[in-house]
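Just so it is clear, none of the values below were taken in a lab; they were calculated from the coordinates. Just so it is clear, the structure is predicted and the values come from calculations on it, not from any experiment. Virtual Cβ from ideal backbone geometry, glycine too; neighbours counted across all protein chains shown.
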Amino acid sequence: MQTRIFHGDLKAEDLADALATRFNRGNLVAHRLAVGDRAVVQISTRQHPSSGGQTALGVTLQQNEDGVTVELGKQAWLGIAASLGSTALSALKNPFTLIGRLDDLAEDIENLQLDDQVWDAVEEIARAAGASSQLSESLRSAGCEYCGVANPIGEGRCLACGAPLGNVQPNTCPNCGFVVKPGDSKCSNCAEKL
Ligand SMILES: [Zn+2]
Ligand SMILES: [Zn+2]
C-alpha cells in the first residue's frame, strides 16, 4: 500500500470522479464506490469479467483537514453490486482476506505499470486543483515554543517574543506530502531522503 497526502483545497469526491473518468477507457475499467466516508476508485483490466475473485488496483481517497490522503494498493474487485454488500466492506477493512483471491489479473496490473499511471493522474488532477505536497496556507504556521503565538512558516524568529523557531516549523516530504519532523533525515512514509 502506497500513501501520499495532497494539501490544499481539494475534495476527495472530485478527485475520485476525475480518476474514474480518466481510467474508464481503452482496456481499463474503473468503478467509483463509496465506503463509509471514503471514496474508492477501483481500476481493472476489461478482458476479465467484473465478478468476484479478481484483483484490481484500489485507490482510496480520504478527506482530511488539509486536503486528501490517497492510498493505492491491490484489492479484490468489488464491482458495483458487491459494493453494497458486507463482504466488500470486510474485504476493504481486512485486506488479508484477499490473499487467497489474487489471480493473474494482478500480473496484468503490474505489466501495465498502472500504479505509476494512477499516481501521475492523481498528481496532475491535484495540481490542477491547486493542491500540492506542501502544507496549505491554513496550516502553514508555527506555534512558538515559548509564548505560543502562531507564526508564518519561514520566520526565523517568533514575531511576538523573538525566540528562535527552528525546532517548531512543520515541513512535508517533497515526494509524498507526509508531515515530517524537523531534523528527520528521511520520510517515515516513503523513505525519501529529506
Ligand atoms: Zn514567541
Ligand atoms: Zn515521503
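A few notes on this one:
- Within region 1-15, tally of residues that are among the acidic types (D, E) and either surrounded by 21 or more Cβ atoms within 10 Å (Cβ to Cβ) or in a loop (DSSP other than H, G, I, E, B) (or both): 1
- In region 159-194, the residue that is farthest from ligand 2 (Cβ to nearest atom) out of those that are out of contact with any Ser or Thr (no Cβ under 8 Å at 6 or more places or on another chain) and among the polar types (S, T, N, Q) is N167.
- The C-beta contact set for region 165-194 (first residue within 16 Å of ligand 1 (Cβ to nearest atom), second residue charged (D, E, K, R) and assigned to a loop (DSSP other than H, G, I, E, B), distance under 6 angstrom, 6+ apart or interchain) comprises L165/E155; V168/E145.
- Matching residues, region 180-194, being of a type in the set (A, V, I, L, M, F, W, C) and surrounded by fewer than 17 Cβ atoms within 10 Å (Cβ to Cβ): C190, A191, L194
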